[in-house]
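We did not get these values from a lab; they are worked out from the coordinates using the rules stated. Because the structure is a prediction, the values reported are computed rather than measured. Glycine gets a Cβ as well: all are built from the backbone with ideal geometry, and neighbour counts include every protein chain shown.
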Amino acid sequence: MKIISTITFLVMYIVSVAQITYPIGGTLKNKETKEPIIGATVFVVAPDSTLAGGAVSDGQGKFTVSLARGEYTLKINYLGLNPYVEPLRVWRDDYLGTLFLSENTEQLKGIEVQGQALQATVNGDTTSFNAQAFKTTQNANAGDLIEKMPGVQNTNGELKAQGEKVQQVLVDGKQFFGQDPKTALATLPAEVVDKIQIFDDQSEQSKASGVDDGTRIKTINIVTKINMRNGEFGRTYAGAGSDGRYSAGANVNMFRGDRRLSLLGQVNNINQQNFSTEDLLGVIGDNSGGGGGRGGRGPGGGGRPSSMSGFSAGGSENDFQVSTSNGITKTLAGGANYQDKWGSKVDVSGSYFINRGDNSAIKNTYQLYYLNEVNGQEYTEKDTTQSVNTNHKLNAKIVYKVNPKMSFFYVPSISVQQNNGASLLASSTSKEAALINQLAQNFGSDLNALKMSNDLMFRLNGEKRGRSLFLQAKNDVDNTSGLNNLNSNNTSSTIEINQEGDLEETTNGWTAQVMYSEPIKDKGLGAYVSYTFENSQANTHKQIMSGITPIS
């Protein structure tokens, strides 16, 4: 057992040396439809024409800009609506209320104007792409659309934007299928997308506490078209080919304002998946494990496999897995994502996903040697592997706003993975039809993993801007267990090898934090006091049992 305790006490820390700023917010709506305007660009210009601040309206049309005291000009732009411009005087926290933007209906009679839609705009660290400027094929999804945008690459299933891995996808400012960008982008059709925004988001703790911890998460926010935010849309497909190949899937999205439900399903045997697999066990696509030790292979074979032909002497996790990097995988997957606002105080979102991959592979090898000393020697091998991998993922986020100054945040997650594998290796070496040696090796494994996290946070804002109290309690559990067995028999040897392995690893961690922040009056400074307690317990048990049986 290993116990680690860490206590951190920070007495005073300067968090800002800039001028004291005040949050200025408002809500944007379409004057004709009264719908909130999502993804509008908000600029605040100083008297010397420099940009003092900016923001992009969220899924409810709301925006917030932090400004120092002074005189400014507020400018708001949105494609298809008339620009909004008005003077702005800042001297304290202020809410501007609802600002209405009217539709631009002005037309030029008898003149047809053709032009190319503006591809992108940049506001601070947010890059917004206009979806209408990028052409996609019929039935394309959001992922196909995004890959056409500058600075976005999809390499071996990993999505990168601006050179960094995309870790989460939001839809109208809210999480969509947890932190699985691949699933989120494959679920939404391209035709429902109005804008794509790429930016660096803060961590959940930073957003909850109000104190920036410096952590950034590369994020893509999909802004949907206004007319698609109330209704149903989806996609279904099916196909079949030679050799019994098939592929089918469907997804449906039901949007009712704040209440949104998305369902998806997929089945195929063509090695295709529209989701990211959380590989807790490290078994997916691994080339090592089970099936090592090809005794008798190659010229001059005849030596028996070592006593550790299937397992490493240290009993590593590689000894508890069967490779699934080759062969044909049958995929069965399904998931659901739910978002809603319960009353005026509770925001809830969550997703569940399950996928099952059944991988099978047969590899045949034939080698004929022409070297002088082994001229005419032949080697044949048949390696058969079977692996079934199942993943479950559940994520949720609940925000309870007791009042404008007091909020609770609860962020639970759980992932479960099961992997069962088996391999059979049969090989032989012969010369001029005379058998030199023969190997038969069987390997089986059974792996299970559980990863669970519970994060509870509380924030209380004071009457003074910058004064807050933040509390956090977090628990993380990580458990891995495995069983395996190996049987190896070589005719060139007089013994039979039998091995069994047992693995059990458990980590249980607790974190508690108290943080208090306070502005320093008239000095343009802020400070916080933080106390953090961490405790982690790790238990590891590995056992390798090896037996040698004489062959009569």
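Just a few scattered comments:
- Set of aspartates and glutamates near Lys182 by C-alpha distance (under 20 Å), chain-local residues within fewer than 8 positions excluded: Asp144, Glu147, Glu158, Glu164, Asp172, Glu191, Asp194, Asp200, Asp201, Glu278, Asp279
- Protection proxy ranking of 340-349, 127-136 - average other beta-carbon atoms within 10 Å, highest first: 127-136, 340-349
- Of Gly466, Gly444, Gly482, farthest towards positive along the dipole that unit charges on Lys, Arg, Asp, Glu beta carbons give region 429-496: Gly466
- Taking the three principal axes of the alpha carbon atoms in region 115-243, the coordinate ranges are 56, 44, 32 Å, sorted in descending order.
- For region 335-383, taking Cα atoms only, Rg and Dmax work out to 29.1, 85 Å respectively.
- As a rough guide to protection, the peptides 413-424, 362-373 ranked by mean Cβ packing within 10 Å, highest first, stand as 413-424, 362-373.
- Centre-to-centre separation between the Cα atoms of region 202-226 and those of region 477-528: 27 Å.
- Only one residue of Leu145, Asn227, Val193 has its Cα farthest out toward the positive end of the dipole of region 115-243, where Lys and Arg carry +1 and Asp and Glu -1 on Cβ, and that residue is Asn227.
- Isotropically averaged projected area of region 382-449, using the convex hull of Cα atoms (one quarter of hull area), nm²: 6.7 nm²
- Extension reserve of the Asp502-Asp94 stretch, reckoned as 0.36 nm per residue once the Cα distance is removed: 140.6 nm
- Summarised in one figure, the compactness ratio Rg/Rh of region 162-223, Cα atoms and Kirkwood Rh, is 0.99.
- Spatial separation of Cα centroids for region 351-381 and region 138-192, in angstrom: 37 Å
- Loop-located trypsin sites (Lys or Arg not before Pro) in region 431-501 (DSSP state other than H, G, I, E, B) with a sparse environment of at most 12 neighbouring Cβ atoms within 10 Å: Lys464.
- Measure of compaction for region 418-541 (Cα Rg per 2.2 N^0.38 Å): 2.13
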